[in-house]
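A short worksheet on the structure shown next.
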Amino acid sequence: MSIKSPLFYLNQLADSDFIIGDHNHQFQQIASELYLELQQLLNYGNTPKIILAEREPVRLLAGFIAACAAGCPVFLCNPDWGKKEWQEVLELIQPDIIWGQEIKTYLCRDAINRVSSQAPCIMIPTGGSSGKIKFAIHTWETLIASVQGFTEYFQLTQVNSFCVLPLYHVSGLMQFMRSFTTGGKLAMPSASVAIAPFKNLASSPEYQIKPESFFISLVPTQLQRLLENPQLTQWLSQFNTVLLGGAPAWEELLEKARFHRIRLAPTYGMTETASQIATLKPDDFLNGKINSGQILPHAQVKIRNQQGEILNSNQTGNITIQAQSLALGYYPQTWENQHYLEVDDLGYLDSQGYLNIVGRSSDKIITGGENVYPAEIEAAIKSTQMVDDVCIIGLPDKHWGEVVTAIYIPKYPQISTKTLQTELNQKLSKFKIPKHWISVPTLPRNPQGKINRQQLQKLALKHLKSAKKLQIHF
């Protein structure tokens, strides 16, 4: 598949029903109108930076294609970010145009007189080590490379996608890209990760698709909830492939999926690689394999030790990735070395070339498929002035992968966790707010002020175990 422009693919849809549910004409019309608007600006010598924060999926995708076709830098954004997050994002981007359901098209007064030096890039949000939102810089070409790797790996000419993940996230966006650029179908019932609509979707006449010809992507929490419902379990078992990513899946969940003959395909990838670079094929999964599968054709993975030397099969080390789908950097900076990316995951390649993830070398927490960084949450809690000290850790959880846990020293004995949570609702996204709160008299810090996280893990697990026993007793 050669790389063609977004307009080429849009024109190909003229007589098709690409988006299932009679949304195709609306998608094409909005995309064409927005593209013409942008062309008028380009005629004045201006290349506007666009924030895309639409809630409505069809409008979001139409705006995305219009921006890509016009060669404008476009930033995919979550409309549900909190005030603090939006302030950071607006300060970082300084956009010329904002497209969103709740925000009318906005053009800076001086934009018409200003020539943007930005390349026509696609910015996809991800977390940073500081907890601040970062944007991985992609291009149409890096996203197409990911699609090509996917189709070659699964030996497909068309990809039909049933998308229930956020379209501003790489996991949702790439489902659209696979279908849009291969002439496949896209079922797009929701742009959120909410599970509630699933029950209706499985029986809705609008989405009476043939699941055996569709791919669906889920995070472990979604899979867990679907498998709790016999009707939805049976529905899910009909899909050609159920891609599973976003967070490590627990053994019990994988065994349950295998028992119900779910054609699961655990994947490994990230925003920086435009979705997965390794995937376990469903037949391998059903035959008992538990790992992240083999490397897709557009990527290479090397395992290196701390000195940078390449390790042999079955030797654990730092994962480094080379891929045609690799991001160029984090906005606004491009990476000096764009040939490979060293990530904070540890793993090994076995003798058959299957990637096995062992753990992470940083303290990043992944809860329900979302990246959470302790420093950001600790800073937000400290800003309430209700605690003297706090440390955020992740505890294993069979539903969420990990749960955010706060171990803190209250400033006053009467301060309740409910009060703290209420304060944080104004500062952080819901998934970042701790689910467990443990009050302690002191935190184990060394003379340099560094927390002993291993010791805190043991303390927290012991505390939660005691609390659970107390609940059972009463």
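Of note:
- Hits in the range 1-43 - residues which are outside any helix (DSSP H, G or I) and either open to solvent by 30 Å² or more (accessible area, probe 1.4 Å) or basic (Lys, Arg) (or both): 1, 2, 3, 4, 5, 14, 15, 16, 17, 20, 22, 23
- Candidate set from the range 374-389 (those that are part of a strand (DSSP E or B) and without any contact (Cβ under 8 Å) to a residue 40 or more places away in the chain); member that is most open to solvent (accessible area, probe 1.4 Å): 388
- Selection from the range 163-216 of residues that are part of a helix (DSSP H, G or I), modelled with pLDDT under 85 and open to solvent by 10 Å² or more (accessible area, probe 1.4 Å): 199, 200, 201, 202, 203, 205, 206, 207
- Of all residues assigned to the range 63-83, none qualifies as being open to solvent by 10 Å² or more (accessible area, probe 1.4 Å), under 30 Å from residue 423 (Cα atoms), out of contact with any strand residue (DSSP E or B) (no Cβ under 8 Å at 6 or more places or on another chain) and without any contact (Cβ under 8 Å) to a residue 24 or more places away in the chain.
- Scanning the range 318-355 for residues that are modelled with pLDDT under 95 and in contact with a Gly (Cβ under 6 Å, 6 or more places away or on another chain) yields 335, 346.
- Inside the range 278-324, residues that are assigned to a strand (DSSP E or B) and touching a residue at least 60 places away in the same chain (Cβ under 8 Å) make up a count of 6.
- Looking only at the range 146-162, and only at residues there that are buried (at least 23 other Cβ atoms within 10 Å of the Cβ) and among the aliphatic types (A, V, I, L, M), the one that is nearest to the chain's Cα centre (by Cα): 147
- Look at (1) within 23 Å of the chain's Cα centre (by Cα); (2) among the acidic types (Asp, Glu); (3) assigned to a helix (DSSP H, G or I) and you find that residue 80 fails only one, number (3).
- Restricting the range 348-373 to residues that are small (Gly, Ala, Ser) and not in a strand (DSSP E or B), the residue that is surrounded by the fewest Cβ atoms within 10 Å (Cβ to Cβ): 351
- Some residue of the range 86-94 being over 19 Å from the mean Cα position of the chain (by Cα), surrounded by fewer than 23 Cβ atoms within 10 Å (Cβ to Cβ) and either of a type in the set (Phe, Trp, Tyr) or not in a helix (DSSP H, G or I) (or both): yes
- All of 51, 98 fail the test of being over 21 Å from the mean Cα position of the chain (by Cα) and assigned to a strand (DSSP E or B), apart from 98.
- Flag: residue 406 matches the condition of being touching a helix residue (DSSP H, G or I) at 6+ places or on another chain (Cβ under 7 Å), open to solvent by less than 90 Å² (accessible area, probe 1.4 Å) and assigned to a strand (DSSP E or B).
- Candidate set from the range 245-270 (those that are open to solvent by less than 10 Å² (accessible area, probe 1.4 Å) and modelled with pLDDT of 95 or more); member that is farthest from residue 227 (Cα to Cα): 265
- Number of residues in the range 254-277 that are in a helix (DSSP H, G or I) and within 20 Å of the chain's Cα centre (by Cα) equals 3.
- Residue in the range 326-344 that is buried (at least 17 other Cβ atoms within 10 Å of the Cβ) and without any contact (Cβ under 8 Å) to a residue 40 or more places away in the chain present: no
The values are calculated or read from the model by the stated rules, or taken from the named source; none is laboratory data. Worth saying up front: this structure is predicted, and the values here are computed from it rather than measured. FYI the Cβ positions are ideal-geometry reconstructions off the backbone, even for glycines, and counts take in every protein chain you see. Quick note on the areas: whole protein, heavy atoms, side chains included, nothing else; ligands and nucleic acids left out. Shrake-Rupley method; radii C 1.70, N 1.55, O 1.52, S 1.80 Å.
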